[in-house]
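The values are calculated or read from the model by the stated rules, or taken from the named source; none is laboratory data. Bear in mind that the values here come from a model prediction, so they are computed numbers and not experimental data. Don't worry about glycine lacking a Cβ; one is built from the backbone with ideal geometry, like all the others, and counts go over all protein chains shown. With ligands, DNA and RNA removed, areas are computed over all heavy atoms of the protein, side chains included. Shrake-Rupley method; radii C 1.70, N 1.55, O 1.52, S 1.80 Å.
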Amino acid sequence: MTLSTVPVIFDLDGTLVDPAGGITGGISAALTQLGIRVPAPAQLDAMIGPKLSDSLLNIAGVPQEQLADVIRLYRAYYLETGIAQSRLYPGIPELIEEYAASGRPIAVATQKPEGLARIVLEHHGIASSFHFIRGSAADEAAHSTAPRGKTEIVAAALTDLRTQHAVMVGDRAQDVAGAMANGLDCIGVSWGFAPDGELQEAGAVAIVHSTTDLAAAVESMDAVRAAALSEVPNDGVV
């Protein structure tokens, strides 16, 4: 790794991992079990990425007093069935292996509970490739220990990486917003769950359609950083 190598912070669901119905199926099962109306498929898809408790309240219309029960039932389903339904997106295993082998610092910043995120990545055999894995608090329904938002989760990953120079990779507007709040650019991936135009409107610096395109975009950022470093005086700090 050189000083011009840009660290990369990845979102999880919709970016590295395709939930393949594991998330939406779990939400549907939990709501059904409690007699709560299940949203339409498009609304269920919109719940992938944002903080689960917010999505359940604002999209699914779950009453506050039932939120904890819905999350508990969802987590049980997801651990038992949902993770096994998920899969890595095409090209992701090879890209992560390449970054790990080259020494590029890589991390995960997800609104999924941190421990659960690690379980998912371990299931797919890539957890050890990441320098750090950051996520939300374990209890998404507790008011006194409210999970951190994307901005704080990205900030925690930056602190772990000991840098303020990195790029975020994600599939939803909150990934872009979390990156921008920390002074980072965000590359949007088209294979996730963002509706048409969401990533562009949010301010993603690029939208890529394959991991080959993603690798090229990151390498372009390496080149920009290398050029910037070459212009810094010997006693300068970047």
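Give me, ordered by chain and number, the residues 5 or more places off V189 or on other chains with an amide H under 5 Å from its own placed amide H.
Long-range HN contacts for V189: G170, D171, V208.
In nm, to one decimal, how far is the A138 label point from the E65 one, both placed 7 Å along Cα→Cβ?
2.8 nm
Give a residue-ordered list of calculated ³J(HN,Hα) values for the stretch 203-208 (Karplus: 6.51 cos²θ - 1.76 cosθ + 1.60, θ = phi - 60°; whole Hz; x for Gly, Pro).
Karplus values, whole Hz, x for Gly and Pro: x, 4, 6, 7, 10, 10.
Which ³J(HN,Hα) values, rounded to whole Hz and listed in residue order, are derived for the stretch 18-28 from phi using the Karplus coefficients 6.51, -1.76 and 1.60 in 6.51 cos²θ - 1.76 cosθ + 1.60 with θ = phi - 60°, glycine and proline given as x?
Those phi angles translate into 8, x, 6, x, x, 7, 5, x, x, 5, 4 Hz.
Students often check this: by mean Cβ neighbours within 10 Å, which of 205-213, 164-172, 19-27 ranks highest, and how do the rest follow? Walk me through the numbers before you get to the answer.
Working: 205-213: 15.8, 164-172: 23.8, 19-27: 21.1.
Answer by packing, highest mean first, reads 164-172, 19-27, 205-213.
How much length is gained on full extension from A40 to D54, taking 0.36 nm per residue of separation minus their Cα-Cα distance? List each step's numbers first, then the result.
Details: separation 14, 0.36 × 14 = 5.04 nm, distance 1.71 nm.
Full extension from A40 to D54 adds 3.3 nm.
Would you mind calculating the gained length between A76 and A181 on full extension (0.36 nm times residue separation, minus the Cα-Cα distance), in nm to one decimal? Don't skip to the answer; put the middle values down first.
Working: separation 105, 0.36 × 105 = 37.80 nm, distance 3.33 nm.
Between A76 and A181, full extension yields 34.5 nm more.
Solvent-accessible area per residue for the stretch 42-139 at a 1.4 Å probe radius, Å²? Intermediate values should be presented prior to the final figure.
On the way: 4320 Å² over 98 residues.
Normalised by residue count, the accessible surface of the stretch 42-139 is 44 Å².
Using θ = phi - 60° and the Karplus form 6.51 cos²θ - 1.76 cosθ + 1.60, what ³J(HN,Hα) does each residue of the stretch 151-160 get, whole Hz, x for Gly and Pro?
Karplus-based 3J(HN,Hα) across the stretch 151-160 equals 4, 6, 5, 5, 4, 5, 5, 5, 4, 4 Hz.
If you fit an axis through the alpha-carbon atoms of helix 114-123 and take the longest principal axis of the Cα set of the chain, what angle between them do you get, 0 to 90°, nearest 10?
Orientation of helix 114-123: about 80 degrees from the principal axis.
On the accessible surface of the chain, probed at 1.4 Å, how many percent belong to carbon and sulfur atoms? Present the calculation step by step, with values, prior to reporting the outcome.
Working: 5600 of 10710 Å².
Summing carbon and sulfur atoms, their accessible area is 52 percent of the total for the chain.
Considering the options G125, I9, L73, tell which one lies farthest towards the positive end of the dipole of the chain, charges being +1 on Lys and Arg and -1 on Asp and Glu at the Cβ, about the Cα centre.
After comparing all options, I get L73.
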